[in-house]
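Peer 1: Before I ask anything, here is the structure I am working with.
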Amino acid sequence: MILFLLGCSEEFGIPLHFEGPVSAAWLAESDDQPFQTPVGFVANSRSGTIVPLNLKEGRLLSDDGMASFLRASLLTTGRTRQLGELAAFADAGLVQLWTTDVYRAELISVPYVVGVDDDGAPEEFEPAAGEPGFFDEDGSGDSPTLTGVKLRSGFTTTETWSIEFDGERWWAKGSLSGTQERQPESGESFVSDHGEIEFTLNGEATAGDRFEFTTDTGVKVYTLDGRPTGLHGDGTFLYVGVESATPLIGVVDPFSGEWLGSVALPEGAHPWRLAAGPDGSVLVGDARSAAFYVIRFPTPGDAATATVETVATAAPVIDLVWQTGTLADGAAFSRIFVAPVALQRVDVYDAATGTWVDVNPADAEVAGFNLGSPVSGLAASVGTVAMQQETDWGAVPEVPAIVVSTQDGFTLMLDATTGCGVPTEIGPHGPNLASVSEGYYWASLNDVGATSDAIITADPATGEQITLSQCAGVARSESWTVTYNSATAGWQVEGSLSGVQAATAFDGQRYLSDNGAISFLINAFSPPPTDGDSFSFYIDRGLLGWYFTDQNGDGALTAGGESTWQAPARPMTFSYMAGPTGGGWDQVDVKEMAVLPVQNNDEASRLYLDSGKSEVNWE
């Protein structure tokens with residue numbers, strides 16, 4: 001009974017939800033889409049499927065109003081497809097998805113909801129099969145039959161099936177499902193490996209004989225003049241990056257599939273990730289040239305009137321996002337956050353002034369801080385995110401944020417008003433007299449020669465022996481060694497990750513490391529220090545980050561039930577209303593969230609940005 005309700009049989013089992021989840025898209029709760037909740041979609045790179053999610057409740061979506069306990073069917077495009085970026089659209093109750101097949105270089109439209117019934121329940125495309133045709137290749141007069149073709153929503157896709165006899169056995173081959181391991185047998189019901197089709201063969205055949213028939217789930221494939229790369233949907237238009245002789249961004253009507261026009265990019269450009277800009281503009285990262293492009297549409301969707309601005313970057317661009325908001329002084333800002341390929345940082349471009357923002361003035365370079373790993377993807381928060389640290393007045397700041405996933409498995413946030421990382425409740429810290437925890441031992445002198453007397457003096461106001469840059473992320477979690485050298489009459493400073501510093505520390509002078517990450521004051525007394533005397537200490541960058549889904553809420557990685565993320569993809573941010581929606585004394589409660597597809601773990605995690613937790617796991 002349970003297997004029947006799930007729409008599966010023991011013959012082919014329940015399909016995996018995630019097989020290489022690579023991208024996500026969402027639809028906000030609105031009158032345009034038929035669900036009374038924000039809905040998410042995750043595309044899988046290894047199975048050609050798209051999984052609908054109930055973002056608010058943290059479970060798989062149910063699209064059957066009469067059986068809310070049943071999950072929605074997967075949206076299938078063919079198991080041999082390698083899906084890439086994803087975009088979702090809703091209009092008057094219709095829901096349409098778009099994606100790309102990275103392997104075949106195709107643009108694909110996938111219908112999800114094609115209408116609503118009289119009760120307002122969503123209606124999906126009903127799979128249909130063409131009449132099987134028999135081809136007697138050797139003219140022997142064989143006349144086997146293929147009957148009882150059955151299709152299954154969530155398993156079947158649009159493709160052509162060939163059932164061929166090689167002289168010894170039948171082979172079932174789907175143009176997008178591939179050659180099946182299971183063998184059709186005459187007189188027996190056959191179900192394909194993953195439940196795409198079912199039929200019964202009867203009769204004899206000779207080598208070369210075959211049946212052919214088509215299946216249709218409304219999925220359509222669009223052939224372009226080049227390879228589609230990035231996708232971006234603004235709710236009205238679909239924008240497609242195309243790598244071709246003339247690199248371009250195409251504009252598509254997402255419901256009719258009509259190609260509305262194209263915007264040419266500079267010669268030699270390689271369009272990659274796309275992102276939304278204010279007022280309908282579109283950002284395009286270049287994966288080959290050190291540049292990104294801003295496409296502005298004076299008339300929405302009109303490629304003929306569009307203009308292209310080129311902005312030089314430090315390296316080709318893996319990802320980029322645009323964020324707007326208000327600075328601490330009340331001034332408005334409009335900034336583009338750019339992740340240069342392989343540079344392990346996110347640079348900040350001021351769109352209003354056309355200049356790069358100096359995130360860390362103590363560093364000679366005008367650039368973002370070192371994240372410790374190359375960036376996988378970026379996403380801008382929908383609204384403002386509550387910070388973890390309170391101000392001196394007990395308030396919790398709320399700022400626009402940028403979510404950053406990195407190739408080492410971490411996901412972090414940046415404060416869009418500063419470009420710095422979002423700190424933990426404690427923030428960047430090292431040894432402290434008030435609480436010296438394990439691993440943060442007080443930096444006392446390691447006196448290796450003649451007796452010496454020197455100390456690193458604690459700041460009387462804060463109790464901190466080592467002062468760290470309060471731009472979270474500038475200081476890295478690492479150990480430091482400060483060693484005396486009589487030849488320079490000073491102290492050599494070396495970080496386990498930062499290396500030997502150019503600046504030498506001297507007694508009685510406050511020291512600042514090369515990029516301003518750490519600062520301290522050494523006071524030497526009598527007898528003076530001698531060669532080899534040293535101080536050692538460990539610091540924590542105090543940067544809010546996630547690297548696993550904390551399903552049991554204990555704040556620690558639990559062996560056997562939780563695992564670290566391997567190869568997180570581009571995050572997707574969303575928000576929803578929770579509790580009161582305003583009026584009277586009610587405070588509007590908007591929750592800022594993100595979905596992180598984790599490719600090698602075959603799961604997707606929901607991150608609660610306001611609380612700094614990753615508490616929901618879809619598997």
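Only the coordinates and a few stated rules stand behind these numbers; no lab work does. Remember, it's a predicted structure, so these values are computed and weren't measured experimentally. FYI the Cβ positions are ideal-geometry reconstructions off the backbone, even for glycines, and counts take in every protein chain you see.
Peer 1: I need the P(r) histogram for the range 454-539: all alpha carbon pairs, bin width 5 Å from 0 out to the longest distance, whole percents.
Peer 2: Taking every Cα pair in the range 454-539, the percentages come to 3, 15, 27, 27, 18, 8, 2, 0.
Peer 1: Next question, about the same structure. Hey, if you drop one equal point scatterer on each alpha-carbon of the chain and run the Debye formula without solvent, what base-10 log of I(q)/I(0) do you get at q = 0.05, 0.09, 0.11 Å⁻¹?
Peer 2: Calculated log10 I(q)/I(0) at the listed q: -0.30, -0.81, -1.08.
Peer 1: What's the exposure ranking of Ser469, Ser143, Ser334, Ser605, going from fewest to most Cβ atoms within 10 Å? Could you put the intermediate results ahead of the total?
Peer 2: On the way: Ser469 22, Ser143 12, Ser334 15, Ser605 25.
Listed from fewest to most nearby Cβ atoms, that is Ser143, Ser334, Ser469, Ser605.
Peer 1: Would you grab the residues whose amide H sits under 5 Å from the one on Ala416? Only those 5+ places off in sequence or on another chain, please, with H modelled 1.01 Å from N.
Peer 2: Ala401, Ile402
Peer 1: Residues in the range 489-525, backbone N under 17 Å from the label point at Gln470 (7 Å along the Cα-to-beta-carbon vector): list them, ranges by number please.
Peer 2: So the set is 516-520.
Peer 1: Continuing with the same structure: Given Ser73, Pro144, Ala379, which one lies farthest toward the positive end of the charge dipole of the chain, if we put +1 on the Cβ of every Lys and Arg and -1 on the Cβ of every Asp and Glu?
Peer 2: Checking the options against the dipole of the chain, the answer is Ala379.
Peer 1: Please give the contour-minus-distance gain from Thr564 to Ser175: 0.36 nm per residue of separation, less the Cα-Cα distance, rounded to one decimal in nm.
Peer 2: Numbers: separation 389, 0.36 × 389 = 140.04 nm, distance 3.66 nm.
That pair, Thr564 and Ser175, stretches by 136.4 nm at full extension.
Peer 1: Sort 115-127, 399-411 for me by packing, meaning the mean count of neighbouring Cβ atoms within 10 Å per residue, highest on top.
Peer 2: On the way: 115-127: 13.6, 399-411: 23.2.
Per-residue mean Cβ counts within 10 Å order the peptides as 399-411, 115-127.
Peer 1: Using just the helices of the chain, give the 222 nm mean residue ellipticity in deg cm²/dmol: DSSP H runs with n ≥ 4 each add -39,500 (n - 2.57), and the total is spread over all residues, rounded to 500.
Peer 2: Values: 1 runs with 4 residues, N = 619.
It comes out at 0 deg cm²/dmol, rounded to the nearest 500.
Peer 1: Would you mind working out the magnitude of the charge dipole of the range 484-616 relative to its Cα centre, with +1 at each Lys and Arg C-beta and -1 at each Asp and Glu C-beta, to the nearest 20 Debye? Present the calculation step by step, with values, prior to reporting the outcome.
Peer 2: On the way: 6 positive and 16 negative charges, 52 e Å.
For the range 484-616, the charge dipole is close to 260 debye.
Peer 1: Which aspartates and glutamates have a Cα lying under 12 Å from the Cα of Lys173, excluding residues fewer than 8 positions away in the same chain?
Peer 2: Cα-Cα hits under 12 Å: Glu159, Glu164, Glu181, Asp193, Glu196, Glu212.
Peer 1: Using 0.36 nm per residue of separation minus the Cα-Cα distance, give me the extension gain between Asn552 and Ala332 in nm, one decimal. Please list the in-between numbers first.
Peer 2: Numbers: separation 220, 0.36 × 220 = 79.20 nm, distance 4.01 nm.
This chain segment gains 75.2 nm when fully extended.
Peer 1: Taking the range 238-281, which GluC sites (Glu not before Pro) meet the DSSP loop condition and have no more than 14 other C-beta atoms within 10 Å? Before the final figure, lay out the partial values.
Peer 2: Details: sites: Glu243, Glu258, Glu267; in loops: Glu258, Glu267.
Sparse-neighbourhood loop GluC sites (Glu not before Pro): Glu258, Glu267.
Peer 1: Starting from the range 166-219, pick out the GluC sites (Glu not before Pro) whose DSSP state is loop and whose Cβ has at most 11 other Cβ atoms within 10 Å. Could you put the intermediate results ahead of the total?
Peer 2: On the way: sites: Glu168, Glu181, Glu185, Glu188, Glu196, Glu198, Glu204, Glu212; in loops: Glu168, Glu181, Glu185, Glu188, Glu196, Glu204.
Passing sites in the range 166-219 are Glu168, Glu181, Glu188, Glu204.
Peer 1: Taking Cα atoms of the range 128-217, Rg/Rh with Kirkwood Rh, to two decimals? Intermediate results must be reported in sequence, preceding the final value.
Peer 2: Values: Rg = 12.2 Å, Rh = 13.0 Å.
My calculation puts Rg/Rh at 0.94.
Peer 1: Quick one: check the C-alpha center-to-center distance for the range 229-245 versus the range 202-224, whole angstrom.
Peer 2: 31 Å
Peer 1: Cut-off is 10 Å between beta-carbons; in what order do Met572, Met577 appear when sorted fewest neighbours first?
Peer 2: Working: Met572 23, Met577 15.
Result, fewest neighbours first: Met577, Met572.
Peer 1: Below 8 Å between Cα atoms, with a sequence gap of 6+, how large is the relative contact order for the chain in percent? Numbers along the way, then the final one.
Peer 2: On the way: 1700 pairs, mean separation 58.1, N = 619.
Reported as a whole number, the value is 9 percent.
Peer 1: In whole Hz, with x marking every Gly and Pro, tabulate ³J(HN,Hα) for the range 110-121 from phi via Karplus 6.51 cos²θ - 1.76 cosθ + 1.60, θ = phi - 60°.
Peer 2: After applying 6.51 cos²θ - 1.76 cosθ + 1.60, I find 10, x, 10, 10, 9, x, 10, 7, 4, 8, x, 7 Hz.
Peer 1: Compute the distance in nm between two label points, each set 7 Å from the Cα along the Cα-to-Cβ direction, one at Tyr103 and one at Asp279.
Peer 2: Modelled inter-label distance: 4.4 nm.
Peer 1: What are the ³J(HN,Hα) couplings of the range 177-184, residue after residue, when phi is run through the Karplus curve with 6.51, -1.76, 1.60 and θ = phi - 60°? Round to Hz, x for glycine and proline.
Peer 2: Per residue, the Karplus-derived 3J(HN,Hα) values read 9, x, 6, 8, 6, 6, 10, x Hz.
Peer 1: What are the ³J(HN,Hα) couplings of the range 592-598, residue after residue, when phi is run through the Karplus curve with 6.51, -1.76, 1.60 and θ = phi - 60°? Round to Hz, x for glycine and proline.
Peer 2: With coefficients 6.51, -1.76 and 1.60, one gets 9, 9, 8, 10, 10, x, 10 Hz.
Peer 1: Hey, another quick one. How high is the relative contact order of the range 454-539, in percent, counting Cα pairs under 8 Å that sit 6 or more residues apart?
Peer 2: Numbers: 162 pairs, mean separation 31.7, N = 86.
Relative contact order, the range 454-539: 37 percent.
Peer 1: On to the next question. Taking neighbour counts of Cβ atoms within 10 Å as a proxy for exposure, in what order, fewest first, do Phe337, Phe506 appear?
Peer 2: Sorted ascending by nearby Cβ count, the order is Phe506, Phe337.
Peer 1: Another question, then. Can you list residues whose amide H is under 5 Å from Leu260's amide H, if they're 5+ apart or on another chain and H is modeled 1.01 Å from N?
Peer 2: The list, which skips near neighbours in sequence, is Val251, Val252, Asp253.
Peer 1: Please compute the length gained on full extension between Thr299 and Val590, using 0.36 nm multiplied by the number of residues separating them and subtracting their Cα-Cα distance.
Peer 2: Values: separation 291, 0.36 × 291 = 104.76 nm, distance 3.20 nm.
Stretched out fully, the Thr299 to Val590 stretch lengthens by 101.6 nm.
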